[in-house]
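Notes to accompany the following structure.
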Amino acid sequence: MIVRFWGTRGSIPTPGHATSIFGGNTTCVEIEAGEELLIFDAGSGLRELGSSLNKRFRNKSIRASLFISHTHWDHIQGFPFFEPAFRPGNHFDIYGGLSNTGKTLDQLFEGQMDLDYFPVSLSQMAATLTFNNLDGIPLTLGEATITYCYLNHPTNTLGYRIEHQGKVIVFATDHEPPSEIVHPVTCHVNTISNDFKKLFYGTEILIADSQYTEKEYPKCRGWGHSSIAHALAYAVEAKVKKLVLFHHDPTHTDDIVTKMEVATQERAIIMGDTGIECMAAREGMELEL
Ligand SMILES: [Zn+2]
Ligand SMILES: [Zn+2]
């Protein structure tokens, strides 16, 4: 599999000199799994991915599967600017979980392109778009199997596990450890729940929410995000090989994210896990499995 990071930021796009290394676009990750083209989240990074796909496919039609973690703005705001969705002949299968409000996935996508917010409607996108509400059954696409479970976030949010030829990547963003497994004073995670363990276990690459430093987390408790210490605790317990820190806070400059990357790796060594590699996601970064 090949993983490409088109958007690494959480909450709101943060362009500018201070974020030029780790990137300012909101969440979007592309995974090539053999012949299958899989996209995770449609944050503002999706616009750049669209340009890249147009170049790569030239006049050939594009078929891809787009998996949405949830429909907070930073995870869908790139979709109205996804140029391949305006081209007839292209085909996108869009998958997501159940919304808390009972709206279907297509209603949620239509909503952000309502005339009050955007000049072009969803129905004017000329590609074939199919919307699929996931109901717990694993998906098989070519040689890839995708399983998923709900994370802990203020709205229903899915984390995805992608398995292909014996290798595993997990995309799990916008997740806060449930309060019963976080120590109330130290904020350390004691153990992970069985659902998450199943999702994360034995992963080669875990792309995980790690929005806050340990110091910041207590002030942001309940907002649905993890600290670097939480992400590392999960990764170590689930025997992950590479932890990719993701969903960078909009207030975090490149300097701060670099320090968080170093602190996470040092902490892994203190915890006695010298086998795990910790890195912060950079826009434009490509990893191969
Ligand atoms: Zn988010
Ligand atoms: Zn969110």
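Listed by first and then second residue, the pairs linking a residue in the range 148-164 that is of a type in the set (D, E) to a residue that is more than 10 Å from ligand 2 (Cβ to nearest atom), with Cβ atoms under 6 Å apart and 6 or more places separating them unless they lie on different chains, are E163/T145. Among the residues making up the range 235-255, those that are over 21 Å from L289 (Cα atoms) and part of a helix (DSSP H, G or I) are E237, D254, D255. Looking only at the range 56-82, residues that are of a type in the set (F, W, Y), more than 18 Å from N100 (Cβ to Cβ) and within 11 Å of ligand 1 (Cβ to nearest atom) come to 0 in all. Before we move on, is E214 within 16 Å of ligand 2 (Cβ to nearest atom), out of contact with any Pro (no Cβ under 6 Å at 6 or more places or on another chain), part of a loop (DSSP other than H, G, I, E, B) and not hydrophobic (A, V, I, L, M, F, W, C)? So E214 does not fit the description; no.
Scanning the range 15-38 for residues that are within 16 Å of ligand 2 (Cβ to nearest atom) and β-branched (V, I, T), we see that the one that is farthest from the chain's Cα centre (by Cα) is T26. Residues of the range 49-68 include at least one that is surrounded by 23 or more Cβ atoms within 10 Å (Cβ to Cβ) and in a loop (DSSP other than H, G, I, E, B).
Among the residues of the range 122-142, is there at least one that is assigned to a loop (DSSP other than H, G, I, E, B), in contact with a Pro (Cβ under 8 Å, 6 or more places away or on another chain), within 30 Å of S61 (Cβ to Cβ) and without any contact (Cβ under 8 Å) to a residue 40 or more places away in the chain? No, because not a single residue in the range 122-142 is assigned to a loop (DSSP other than H, G, I, E, B), in contact with a Pro (Cβ under 8 Å, 6 or more places away or on another chain), within 30 Å of S61 (Cβ to Cβ) and without any contact (Cβ under 8 Å) to a residue 40 or more places away in the chain.
Taken residue by residue, the range 172-195 has no member that is more than 16 Å from ligand 1 (Cβ to nearest atom), out of contact with any Pro (no Cβ under 6 Å at 6 or more places or on another chain), assigned to a loop (DSSP other than H, G, I, E, B) and closer than 16 Å to E32 by Cβ.
Readers should treat all values here as calculations from the given coordinates under stated rules, not as data from a laboratory. These figures come from a predicted structure and were not determined experimentally. Please note: Cβ atoms are built from the backbone with ideal geometry, for glycine as well, and neighbour counts cover all protein chains shown.
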